[in-house]
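Novice: Have a look at this one before I ask anything.
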Amino acid sequence: MPGADALIRENLTRRQLLSLAGAGTLGALSQRVSLAKAAPVDRVSIAKCPSYGAELLPALSRMFDQLGGVGRLVQNKTVAIKLNLTGDANSRLGHLPAGEAHWVHPRAVAAVVHLLGKAGARRIRLLESPWASAESLEEFMLRAGWEPRDFLNAAPGVEFENTNWLGKAKKYSRLPVPGGGYTFPAFDLNHSYADCDVFVSLTKLKEHATTGITLAMKNSFGITPCTIYGDGAGIDEPSEVPKGGRTLLHFGRRQPSKSAPPENDPSTSRDDRYRVPRIVADLVAARPIHLSIIEGIYTMTKGEGPWIRGSVPVRPGVLVAGLNPVNTDAVATAVMGFDPIADRGKPPFEKCDSTLRLAEDHGLGSRDLSRIDIIGTPIQDVRFDFRKHAQAHVVRGV
């Protein structure tokens, strides 16, 4: 897999390089190479896991051990887990339960909660921003056929919070983006994203119509409250309850509530395939992810939810976990049959900028597989070509 400097050499001719140098662009490219080389790396674990049965908990336990043990990360700490429960509670891909298509599976949630509790976590908060709703997260789960008591019984000190609005706090927490950010200099978020010692992204292995892929980092897009960043957000102050989705972030037709920091430059592109990858990178910089867990036992292809036309279910039977979200997403991207070094114009980023590259340029982590310490099952033994299976409409194992 070529590094960033090799990629530049492959894609630019001598004449192009000279032209870019005259325009001052070569310096920016050299800076990108330097950032890529300096981007942090950490361990990423891969495991085969064909079902949500008896093999799930041991597989996750081995992965956590391979990462050096999670006790050193969570013992006596408040742990916040951002779930990936995108869309409405009633959304279905055919007749499949949401956890077998576009949501992280409830058994995976319970297993992670149990292992973090066993490792000594003092408090575990399950967080998500249910679609355009101020209902409790427990009620949202119940509407989807989940049983919240399964999580309460998995470990001591388990809590729930709908982070799509102010929730249980008296005010929003402001999290700045180091260096000022691509799009926003800071974000006003539900208190749970600030009032935690450890932040975990527990998500599904999927493609995405806007960002190409949606993994640990893209899961953070949902931490933004729609009371501030939604279609119906208040103008001067946040709305009391969420109204509508996050097209404000997608297309920038208006600014967030004036109580929150506005965009750095409202004259930049309003194309969501330009904006969303940058906003995701900004969010991950503002709210760092300490542990990324990507569940790809059963999932779907061609998009992030049943509303994407032509999407079909697949069964890759794989788990990926890591301590650095960029490293983890890069490995998961390769597991999906894509090149994590690719950028706009190449799969899976044919029409969008790469969140991986933008996060790497932020200094958040490396997407270069040759630098990442990959342990557990080798990538080649679990690689599952999402595009091939989407085209064939084949479900592995069925």
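The values are calculated or read from the model by the stated rules, or taken from the named source; none is laboratory data. Quick caveat: nothing in here was measured; it's all calculated off a predicted structure. Note that each Cβ is placed from the backbone with ideal geometry, even for glycine, and that neighbours are counted across all protein chains shown. For the accessible areas, the whole protein counts, side chains as well, though only heavy atoms, and no ligand, DNA or RNA atoms are used. Shrake-Rupley method; radii C 1.70, N 1.55, O 1.52, S 1.80 Å.
Novice: Can you tell me the accessible area per residue over the chain, all protein chains present, probe 1.4 angstrom, in square angstrom? Walk me through the numbers on the way to the answer.
Specialist: Details: 15760 Å² over 398 residues.
Roughly 40 Å² per residue, with all protein chains present.
Novice: Let me ask another. Just the number, please: carbon plus sulfur as a percent of the accessible area of the chain, 1.4 Å probe, no ligands or DNA/RNA counted. Please report the intermediate quantities before stating the final value.
Specialist: Numbers: 8010 of 15760 Å².
So the carbon and sulfur contribution to the accessible surface is 51 percent.
Novice: Going down the list 204/351; 351/388; 37/258; 171/302, which pairs span over 29 Å between their C-alpha atoms? Could you put the intermediate results ahead of the total?
Specialist: Working: 204/351 22 Å; 351/388 19 Å; 37/258 39 Å; 171/302 39 Å.
Flagged as over cut-off: 37/258; 171/302.
Novice: For the chain, what is the mean residue ellipticity at 222 nm derived from helices alone (per DSSP H run of n ≥ 4: -39500 (n - 2.57); sum divided by total residues; nearest 500 deg cm²/dmol)?
Specialist: Working: 15 runs with 124 residues, N = 398.
Estimated from H runs of four or more residues: -8500 deg cm²/dmol.
Novice: With a Förster radius of 41 Å, plug the Cβ-Cβ distance of residue 264 and residue 388 into 1/(1 + (r/R0)^6) and report the FRET value to the nearest 0.05. List each step's numbers first, then the result.
Specialist: Numbers: r = 40 Å, r/R0 = 0.98.
It comes out at approximately 0.55.
Novice: For the chain, what's the relative contact order in percent, using C-alpha pairs closer than 8 Å and at least 6 residues apart? Working shown, then result.
Specialist: Working: 901 pairs, mean separation 86.4, N = 398.
Computed over the chain, the figure is 22 percent.
Novice: As an exercise, identify the trypsin sites (Lys or Arg not before Pro) in region 297-344 lying in DSSP coil whose Cβ has no more than 14 other Cβ atoms within 10 Å.
Specialist: Working: sites: 302, 309, 344; in loops: 302, 309, 344.
Of the trypsin sites (Lys or Arg not before Pro), the ones in loops of region 297-344 whose Cβ has at most 14 other Cβ atoms within 10 Å are 309.
Novice: Among bridges DSSP assigns within the chain, what percent are antiparallel (round to 5)? Write out the running numbers ahead of the final one.
Specialist: Working: 21 of 44 bridges.
Percent antiparallel among DSSP bridges in the chain is about 50.
Novice: Could you pull out the trypsin sites (Lys or Arg not before Pro) across region 167-228 that fall in loop regions by DSSP (anything but H, G, I, E, B) with no more than 16 other Cβ atoms inside 10 Å?
Specialist: Numbers: sites: 168, 170, 171, 174, 204, 206, 218; in loops: 168, 170, 171.
Passing sites in region 167-228 are 168, 170, 171.
Novice: Quick one: which residues, 5 or more positions from residue 207 or on another chain, have an amide H under 5 Å from its amide H? H modelled 1.01 Å from N in the peptide plane, none for Pro or chain starts.
Specialist: 214, 302, 303
Novice: Related question: Express the relative contact order of region 249-398 as a whole percentage, based on alpha carbon pairs under 8 Å and six or more residues apart in sequence. Don't skip to the end; give the middle numbers.
Specialist: Details: 214 pairs, mean separation 35.4, N = 150.
Relative CO of region 249-398 lands at 24 percent.
Novice: Further question on the same structure: Shape call for region 55-142 from the C-alpha gyration tensor, a ≥ b ≥ c root eigenvalues: rounded (a/c under 1.5), prolate (a/b greater than b/c) or oblate? Present the calculation step by step, with values, prior to reporting the outcome.
Specialist: On the way: a/c = 3.13, a/b = 1.59, b/c = 1.97.
It is oblate, given that a/c is not under 1.5 and a/b is not larger than b/c.
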